[in-house]
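Remarks on the structure that follows.
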Amino acid sequence: MRLRNVLAMTRKETRLMRHDRGLLSAILVQPVVYLILFGLAITNEVNHAAWVVYDQSQTALSRQLITDLTSLTALREPQLAFSEEAVVDFLRRQDGLAGVVIPWDFDDKLQRGQEAPMQILLNGAKTASAMRLANYINQAATAFSLTQLPTRDRSEQRITAPRMSIEKRYWYNPGLQDRLGLLSAMPANMLTQICLMIAAISLVGERERGTFEQLLSTPLSLAEIMLGKMIPYVGVGFVALGMMLTGSYLFYGITITGSLVLLLLIALLFMFATMAFGIFFSAWAQGVQQAIFLGFFVMFPSVLITGILVPTDNYPFVISAFSHCLPARYFAHALHAIILKGAGLSEVRGDIFFLAGFFFSFLFAAVQVTKPKLG
């Protein structure tokens, strides 16, 4: 081995790399992405969470309690409910995090010096967020109850004896098992990695092998070629999804409480949408390396900001807006809703419309990007 030859090859590869601006940009932007996501978005703290309150008491004290809870940075302005069914519906249909029920005799018991009850209903599908928010509400309610003690009783001996009892009920995940919340939505991350990376290198791989021109000589249109390349990998994706759902049931007891057919339909739309996204990047890429890095650039935030690992309410506006443009967020929401909550078509139709629109939009965009390159 001669050093001169190695250096010559190094210079040649360096020149190629310098001209591959897409690859360089994809590499150098990674530190920026890490700094933004792990510095601003990836946190288990709860901020501005959606919640609902059912105030049966409708007194000055109950309204003061609601005001004190609203002052927490963890909560936004509450929605008002007029029945316990509406509170449960809020947790299920609107994907809210918490519901507070203040009973009709709350004011009377507090003024008599009796223990005043309050009920908190929490969305156990968001395990870490539910636990944190329960602690925040508990601390705020305890501080409120202590302010209602007579001045003479606000001593060190009485400070640990607040006059409120808080009943917590965790819906959809009563035991607050982390694996239930994570594994039920993890297929969104798994299929993102499989479908996006496969699609990202599909067209560019055909071009590098010189077989893409042969495909164009057939009667097939560009859209038909792209769709035909997706379908076999959809089959692979369904096998992987089946393995994950079956393993989750056999080893961890996670059952699908909703419709399996509906779940598979949304999974089909998600895989097509994700692969259309990958083929769009493949149409831009100049080589397999660049396609892989462009795919990774999209895949990494898709995996992290779907709402599976951390609550989406924490994201700054720009990151939240970006996450709303990613198919994985909608598929993760649908998985949580169907598997844990038993949701039906009406609860996930927004996810279906987004995924279908995303697929057709990026398939059309991929065709439009590819046409000028062929011309």
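The values are calculated or read from the model by the stated rules, or taken from the named source; none is laboratory data. Since we're looking at a predicted model, the values are computed, not measured. Here the Cβ is made from the backbone with ideal geometry for all residues, glycine too, and neighbour counts use every protein chain on show.
Being in contact with a Phe, Trp or Tyr (Cβ under 7 Å, 6 or more places away or on another chain) and farther than 20 Å from SER129 by Cα narrows it down to one residue among PHE293, PHE322, PHE359, PHE297; which is it?
Residue meeting the stated conditions: PHE359.
Could you check the range 237-261 and list, in sequence order, the residues that are small (Gly, Ala, Ser), closer than 17 Å to GLN177 by Cα and part of a loop (DSSP other than H, G, I, E, B)? Walk me through it before giving the result.
Applying the first criterion (small (Gly, Ala, Ser)) to the range 237-261 yields 237, 240, 242, 247-248, 253, 258-259.
Remaining after also requiring closer than 17 Å to GLN177 by Cα: 247-248, 253.
Within the range 237-261, GLY253 is the sole residue that qualifies.
Looking at the range 49-97, which of its residues are basic (Lys, Arg), touching a helix residue (DSSP H, G or I) at 6+ places or on another chain (Cβ under 9 Å) and part of a helix (DSSP H, G or I)? First the steps, then the outcome.
Of all residues in the range 49-97, those basic (Lys, Arg) come to 63, 76, 92-93.
Subsequent filtering for residues that are touching a helix residue (DSSP H, G or I) at 6+ places or on another chain (Cβ under 9 Å) retains 76, 92-93.
The answer is ARG92, ARG93.
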Given the options SER184, SER165, name the one that is among the polar types (S, T, N, Q), under 30 Å from ILE137 (Cα atoms), surrounded by 13 or more Cβ atoms within 10 Å (Cβ to Cβ) and within 30 Å of the chain's Cα centre (by Cα). SER184
Would you please name the residue that is surrounded by the fewest Cβ atoms within 10 Å (Cβ to Cβ), looking only at residues in the range 339-375 that are β-branched (Val, Ile, Thr) and at pLDDT below 95? VAL369
Right, ALA130: touching a His at 6+ places or on another chain (Cβ under 7 Å) and modelled with pLDDT under 85 or not? no
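Can you tell me which of LEU269, LEU265 is surrounded by fewer than 18 Cβ atoms within 10 Å (Cβ to Cβ) and under 20 Å from the mean Cα position of the chain (by Cα)?
Being surrounded by fewer than 18 Cβ atoms within 10 Å (Cβ to Cβ) and under 20 Å from the mean Cα position of the chain (by Cα) holds for just one of LEU269, LEU265, which is LEU265.
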Can you run down the residue pairs with Cβ atoms below 6 Å, 6 or more apart or on separate chains, where the first is in the range 103-123 and more than 26 Å from ASN135 (Cβ to Cβ) and the partner is surrounded by fewer than 17 Cβ atoms within 10 Å (Cβ to Cβ) and polar (S, T, N, Q)? TRP104/GLN56
Checking the structure you have, find out if any residue of the range 98-120 is under 21 Å from the mean Cα position of the chain (by Cα) and part of a helix (DSSP H, G or I). no
Condition first: modelled with pLDDT of 70 or more, hydrophobic (A, V, I, L, M, F, W, C) and in a helix (DSSP H, G or I). Can you find one or more residues in the range 13-33 that meet it? no
Within the range 224-231, identify whether any single residue is surrounded by 11 or more Cβ atoms within 10 Å (Cβ to Cβ), β-branched (Val, Ile, Thr) and part of a loop (DSSP other than H, G, I, E, B), and answer yes or no. no
Give the residue, chosen from GLY258, GLY253, GLY237, GLY247, that is of a type outside the set (A, V, I, L, M), within 24 Å of the chain's Cα centre (by Cα), farther than 13 Å from LEU335 by Cα and surrounded by 13 or more Cβ atoms within 10 Å (Cβ to Cβ). GLY237
Which one of LEU183, LEU196, LEU146, LEU220 is touching a helix residue (DSSP H, G or I) at 6+ places or on another chain (Cβ under 8 Å), among the aliphatic types (A, V, I, L, M) and at pLDDT below 75? LEU220
Have a look at SER62, SER83, SER71 and point out the one that is in contact with an Asp or Glu (Cβ under 6 Å, 6 or more places away or on another chain) and not basic (Lys, Arg). SER62
Return yes when GLN290 is outside any helix (DSSP H, G or I), farther than 30 Å from LYS126 by Cα and not small (Gly, Ala, Ser) and no when it is not. no
